[in-house]
Amino acid sequence: MTNQSSCDVVVVGAGMIGAACALYAVRAGLDVVVVDRGPVAGGTTGAGEGNLLVSDKEPGPELELALLSCRLWRGITEDRRPDDHRPPTRGNGLGPGLTPGLGRAVEYEPKGGLVVASTPGALTALTELAVGQRAAGVETVAVDANQLRELEPYLAPGLAGGVLYPQDAQVMPTLAAAHLLRASGARVETGRTVTGVLRGPDGAVRGVRTDRGDLLAPSVVNAAGTWGAEVAALAGVSLPVLPRRGFVVVTEPLPRRVRHKVYSADYVADVASDSATLQTSPVVEGTAAGPVLIGASRERVGFDRSFSLPVVRALAAGATRLFPFLEHVRAMRAYVGFRPYLPDHLPAIGPDPRAPGLFHACGHEGAGIGLATGTGHLIAQTLTGRTPDLDLTPFRPDRFAEEAAP
Amino acid sequence: MTERRQVLAVIGAGPAGLAAALAAAARGVRVVLVDSAAEPGGQFYRQPAPGLGARRPQALHHQWRTWERLRDGLATHLAAGRVSCLSDHHVWCVERDSGRFAVHALLGPEQREPASVRADGVVLATGGYEKVWPFPGWTLPGVITAGGAQAMLKGGLTLPGRTVVVAGTGPLLLPVATGLAAAGARVAALVESADPTTLVRRSAHPRNAVRGARALAAHPGKLAEAGGYAAQLLWHRIPVLRRRAVVEAHGRDRLESVTVAVLGPDGRPVPGTAQRLDCDTLAVGHGLLPHTDLADGLGCRLDGAGVHVDDEQRTDVPGVWAAGEATGIGGAALSLAEGHIAGRSAAARLNGTAPDPRSWAPAARSRTRLRAFFAELDRAYAAPVRWAENVPDATVVCRCEEVTAGAVREAVGSLGAGDLRTVKLLTRAGMGWCQGRMCEPGVAGVAGCDLTPGRRPLARPVPLGVLAAPPPPDAGTSPCPGTSP
């Protein structure tokens, strides 16, 4: 049995980021193999809510990546003529002459995000953030207390106001990863574990060693998400990706009562926080399938999968404060996931100068689904020697001091 | 050290839970017995609702004497205040809480009001639930589970229909068929996909002789029980169709008939053997699975489908014991033995002494014998290989989310799912009201992947308002509502 394969690129990781890297790399003309020790979307992708958000990002490199990704998600999901650049529309039927996008398959919903502030002070801070975001190219709409109830009739009374972000959207993340992988046409090898990264005498990457033979390729993309540090270590480089645990609570299916992704203005501060202790800020959204998803908790407790009732209680308390009707709605399940977190909250994207031929596309924390398209697009550009659309300096994988490695 | 009496919460008042409660209460531990039903007894000793005025409930039960002993023992401990019994309590989570445990439940049929019990130790006697494989027509009204039919009979004293076909596989089908017939239903056939007579024949085979013969010979009672069912089947003129399966259920608005076919050695129907049977009810079951949600939520290690336990019935989480079907399917007698051992071990450990296994040697011996016997039984009633291939693409396999076999096959074939969790995420199979309890075996079979126990840290749907509020004060110390012996 011959296990030697050759291709242009091996992507390690069949989650959302690996799928997007595969899609854009194949579109750029490369022959791609995606390898994962588990199934498709077996890691953080399968444990997330599928947020495509610009609203929770402060102006800076991550927001630029989010805006690029937002445009690319529209391109992937909408049905369109090749020369058609209109904004995406929602509909059940496919119009004449249109190429079907992946929108229906991945449950793409451009529903918009609504960030709410409970106090006038919080509203002032939120409005300042929105001003900066607007300057960076984000669509923002200021919403006063009365308009809040029009946008979300079931919101608690007494909130100070908020900001609407029409570009925020959602996909079902497991479906998104699976359908992007299928659409890419890349060869997908699930259930195959990468055990080493092969390096030539000159130090250049030559492929990967797996439990089922070697896969030879001049380029290897580390899209292993929360386990990205392990893959980096196989190549002899350090990348300090750490898990940041989060729980999601899922309710019984309901008629649509929560129309947008609704969250408290505290959420942005929590996302940017460095604290290892538990933080919960309410994030509530309806889904195409009916259940309401409730997040978001953040804790740095390693890969501890055990159920934490106090965290789930805190999530329920936050959600019922925002939407009192939820008190009588039943939680059906709760699940846990691990966000791949890097110390400065920015992902690692691009070539690793310490190991020529190794590219990183991991460490997106809780934003990986949304940032996947931009990341895949930029990785494909660097793989083919083109100038990336964004300056990758802030995402350099070797930006951390060696002692920061775990 | 305080002199406070140690509290043991026993979850589940079936044979295992009752045995554990009685054994622990007799040894100086305060027991809080928590159960979702209105009366203790579990599925096996399910009692008719008092309002029905049943004169001879024992007609529907075997081992009635054992039940009387359990019932009277419980009444004595209840009267003495050593046991309190919280019925209609649906436990949704057991939480480890600074060295003790908090058992969180919802009250009554509404399941909206919370109740919590604090305890120093927990016995999980959560029982099992039925496994049903899908087939065309299985979602028609009139198709019910075998256990469901039995529960209607024992608890409601009602017949699910006039003409019943009992089908599937496993030893549960025998009491269901004979019970229905005794209560006046016409049982058109007992359709068993396995051929349990191989249990005896297999034992005769030299390779299995020692193990099989020992397992059987150790259970003259079980053989007599089987013989008793055979006689009842004859008496009620119930045709027994072995190595056959219901391959389709028919009916416009509700069940009118079923098609039964002979299964070949590969588990597929043999062409030309199909036969229609008219019936208004199909009671179908393909064995049981352990309820492990609470154990898994506590972090207890699972061993295959059941909770892993040691010789004292301890799980690998200190202070948590498990007994009965939750540790692996083995019937009421094994549950009694395991529950007894768990109760004695828990009492000793909670009182700060090392238990003496010699004191429960008879129970340990019957546990060994019964586990061996049920391992043999499992082999005899093994699923026909490739049964899942018989399920057409159009058949709904997950009824809550209306996911078809075809959708599951697509998730595996072209979307890269290789395990039950990914199939669920891609198709929504198992995400509905039952959280996969009903459909997981069928979905796993159709997907061709292992049936791994689903993770359900919320063992029941819980109102967000209950989650958001602080837990209520300890209900275990309140006076007992009592039971009607």
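Using a Förster distance of 35 angstrom, determine the FRET efficiency expected from the C-beta separation of A:Thr124 and A:His328, and round it to 0.05. About 0.55, to the nearest 0.05.
Taking the Cα centre as origin and putting +1 on Lys and Arg beta-carbons and -1 on Asp and Glu beta-carbons, what dipole magnitude results for chain B, to the nearest 20 debye? Walk me through the intermediate numbers first.
Details: 53 positive and 42 negative charges, 255 e Å.
In debye, rounded to 20, chain B gives about 1220.
In this label model, B:Thr452 and B:Ala394 are separated by 3.4 nm, measuring between points 7 Å along each Cα→Cβ vector.
Which links in B:Lys154/B:Lys222; A:Lys261/B:Lys131; A:Lys57/B:Lys424 stretch past 27 Å when you go from one Cα to the other?
Details: B:Lys154/B:Lys222 22 Å; A:Lys261/B:Lys131 38 Å; A:Lys57/B:Lys424 31 Å.
From the list (B:Lys154/B:Lys222; A:Lys261/B:Lys131; A:Lys57/B:Lys424), the Cα-Cα distance tops 27 Å for A:Lys261/B:Lys131; A:Lys57/B:Lys424.
Label-to-label distance for A:Arg71 and A:Gln147 is 2.6 nm, based on points extended 7 Å past Cα in the beta-carbon direction. In terms of overall dimensions, the C-alpha atoms belonging to the protein assembly as shown reach 84, 68, 57 Å along their principal axes, ordered largest to smallest.
Starting from the Cα-Cα distance between B:Thr158 and B:Arg100, subtract it from 0.36 nm times their residue separation and give me the gain in nm to one decimal.
Details: separation 58, 0.36 × 58 = 20.88 nm, distance 4.28 nm.
Using 0.36 nm per residue and subtracting the Cα-Cα distance, I get 16.6 nm.
Please report the base-10 log of the normalised intensity I(q)/I(0) for region A:113-166, using a Debye sum with one equal scatterer per alpha carbon and no solvent, at each q in 0.13, 0.22, 0.23, 0.31 (1/Å). The Debye formula, applied to the Cα set alone, gives -0.28, -0.75, -0.80, -1.24. Could you compute how much accessible area chains A and B hide from each other, both sides summed, with a 1.4 Å probe? Nearest 100 Å² is fine. Roughly 3100 Å² of accessible surface disappears when A and B pair.
Once the C-beta distance of B:Ala183 and B:Glu402 is scaled by a Förster radius of 45 Å, the resulting FRET efficiency is 0.85 to the nearest 0.05.
At R0 = 51 Å, how high is the FRET efficiency between A:Ala233 and B:Ala382 if r is their beta carbon distance? Nearest 0.05 is fine.
Values: r = 45 Å, r/R0 = 0.88.
With a Förster radius of 51 Å, E is 0.70.
Each peptide among B:264-273, A:139-148, A:374-383 gets the average number of other Cβ atoms lying within 10 Å of its residues, and from highest to lowest they stand as A:374-383, A:139-148, B:264-273.
Structural descriptor for region A:242-341: relative contact order 44 percent, calculated from alpha carbon pairs under 8 angstrom and at least 6 residues apart. Axis angle, to the nearest 10 degrees, between helix B:64-79 and the longest C-alpha principal axis of chain B: 30 degrees. Starting from one equal scatterer on each C-alpha and no solvent at all, send me the Debye-based log10 I(q)/I(0) for chain B at q = 0.07, 0.08, 0.09, 0.11 Å⁻¹, two decimals. The computed values of log10 I(q)/I(0) come out as -0.37, -0.49, -0.63, -0.95.
3J(HN,Hα) couplings calculated from phi for region B:350-363 with the Karplus curve 6.51 cos²θ - 1.76 cosθ + 1.60 (θ = phi - 60°) are, in sequence order, 5, 7, x, 10, 7, x, 9, x, 5, 5, 10, 3, x, 5 Hz; Gly and Pro show x. Filter the trypsin sites (Lys or Arg not before Pro) in region A:241-299 down to the DSSP loop ones having no more than 13 other Cβ atoms within 10 Å, then list what survives. Within region A:241-299, the qualifying trypsin sites (Lys or Arg not before Pro) (loop, at most 13 other Cβ atoms within 10 Å) are A:Arg256. Here each label is just a point 7 Å from Cα along the line to Cβ, and for B:Asp266 and A:Arg257 those points are 5.2 nm apart.
The values are calculated or read from the model by the stated rules, or taken from the named source; none is laboratory data. What you see is a predicted model, and the numbers here were worked out from it, not measured in a lab. Don't worry about glycine lacking a Cβ; one is built from the backbone with ideal geometry, like all the others, and counts go over all protein chains shown. Just the protein is used for accessible areas: all its heavy atoms, side chains included, with ligands, DNA and RNA removed. Shrake-Rupley method; radii C 1.70, N 1.55, O 1.52, S 1.80 Å.
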